[in-house]
Amino acid sequence: MNSVMRFIKEDDLVSLTKELIEIPSVYDPLDDNANEEKVAKYIYEKLKQVGFEVYIEEAAPKRPNVIAVLRGNMPGKTILLEGHTDVVTPGDASKWKYHPFKGEVVDRKIYGRGACDTKGNLAASIIAAKAIKDSGISFPGKIILCIPVDEEGMMTGIKDFIRRGWADDVNGAIICEPVDNNICLDIKGAIRILVRIKGKMAHGCMPYAGINPNIGMANVILKLKELEEKEKERLGRHKYLGFPSITPTVVMSPSNGKGQLNVVPEDSLIAYDLRTIPGQKEEVLLGQIEEIFNQLKKEVENFDCEYEVIEKRPCVSTERNDPIVKSVEKAYTKVTGSEPVYNGVPGATDGTFLRAWKNIPVVVIGAGEREIPHQRDEYVSIDQLMETTKIYAASILNFLNENF
């Protein structure tokens, strides 16, 4: 362990984090150059140069996953570390104090879009695995670095990684996300629904010549709010994940084009983001929602709607006594000298699909304050990032050597 730690250098970690931040990787479907391709190719070449077995595979056009493998000299288990390359938009860059894509270092913090979520933690996983390689120590099994695209969207990258068989022999995974280095074993689920309420266009001065979909839309929002309150009362507040939620995030009327003050629209659209906790079953919840729509057809004149479930991500958990958890727990105590803090992840992660689709035990841990991602002047603490890198390295060795 000590020989590996000597190869974890702060300068290397800061330099790599800065380099990753300085390559913008915000995805925009309307811009052919706005994707993860440049940063993925940079990582691919970097890992190849330092001697990893590296692969690059397109999960979607110009959106390549990078997979790096480091094999031990004895048979054993496989551990996976995952950190995504995409970042969210910085918005208006002129409103940032520090440029979103310059990776500026100020007062032992690295600033920039993705510094916290999650290019800093991605750099930490690479430096940790490289330290094990450079130390020349013997170890059993295999280390896989999964560096996918599209975590901030529909998680195309991790789904492609799993479908290609990369996760088939993985025994445990560390998901590198900003959670203040808490050990997170519970991840909220997510269901995304598009609800379309049909109407009939008419002049605003003669509304009864049409059917106003906004009346139906208002009823849907109120009824689903009632369902949310019932679920909160039924389940209470989860220790780590908080309350479940049913949130209308997009409301459009009409669903396409522009509305006009004196026109009754022909339809309306509501996009719903549902977040689930243990005790909720997707099929039951969706059945309750469908029943609400059926009831509204009886209660609201001319109510006509259809809905589409565009994504389902189940709530997942990993047991405290699992080897990957014990490995991270021991690593945390060794590196920090403190007892670990357990927590949960309020949003889905790529680990959701590793757990749900392949039953791989996952731990989410990484540097960065939980409230910082997606905000202006995003940053990560260098000191905490160094701590994270050492935790990753120690966790890998604990898990592969079954030292837990």
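Anisotropy class assigned to the range 107-152 is oblate, per the alpha carbon gyration tensor with a/c at or over the 1.5 cut-off and a/b no larger than b/c. Taking Cα atoms only, the orientation of helix 382-400 departs from the longest principal axis of the chain by about 80 degrees. Is the shape of the range 138-237 rounded, prolate or oblate, going by the alpha carbon gyration tensor and its root eigenvalues a ≥ b ≥ c, with a/c under 1.5 for rounded and a/b larger than b/c for prolate? Prolate is the answer for the range 138-237, as a/c is 1.5 or above and a/b outweighs b/c.
For Kirkwood radius over Cα pairs in Å, the value computed from the atomic coordinates appears in the list (1) 22.7; (2) 21.6; (3) 23.9 under label (1). Mean residue ellipticity, 222 nm, helices only, the chain: the sum of -39500 (n - 2.57) across DSSP H runs of n ≥ 4, divided by residue count and rounded to 500, is -10500 deg cm²/dmol.
Taking 0.36 nm per residue of separation and subtracting the current Cα-Cα distance, fully stretching the chain between residue 205 and residue 19 would add 61.0 nm. When the convex hull of its Cα atoms is viewed from all sides, the range 179-251 shows a mean projected area of 7.1 nm².
Computed from the alpha carbon positions, the gyration tensor of the range 43-148 leads to an equivalent ellipsoid with semi-axes of 30, 17, 10 Å, biggest first. Positive contributions from Lys and Arg (+1) and negative ones from Asp and Glu (-1), summed over other residues with Cβ under 15 Å from the Cβ of residue 257, come out at 0.
How many percent of Cα pairs in the range 128-179 exceed 12 Å? The answer is 73 percent, as a whole percent. Could you work out how far helix 37-49 tilts from the main Cα principal axis of the chain, as a 0 to 90 degree angle to the nearest 10? Orientation of helix 37-49: about 20 degrees from the principal axis. Between the C-alpha center of the range 342-398 and that of the range 282-335 there is a gap of 21 Å. For the range 331-341, backbone phi angles converted through the Karplus equation (6.51, -1.76, 1.60; θ = phi - 60°) give residue-by-residue couplings of 4, 4, 5, 5, 6, 9, x, 10, 6, x, 9 Hz, Gly and Pro being listed as x.
Read the figures in this text as sums done on the coordinates, not as results from a lab. Given the structure is predicted, the values throughout are model-derived calculations rather than measurements. Here the Cβ is made from the backbone with ideal geometry for all residues, glycine too, and neighbour counts use every protein chain on show.
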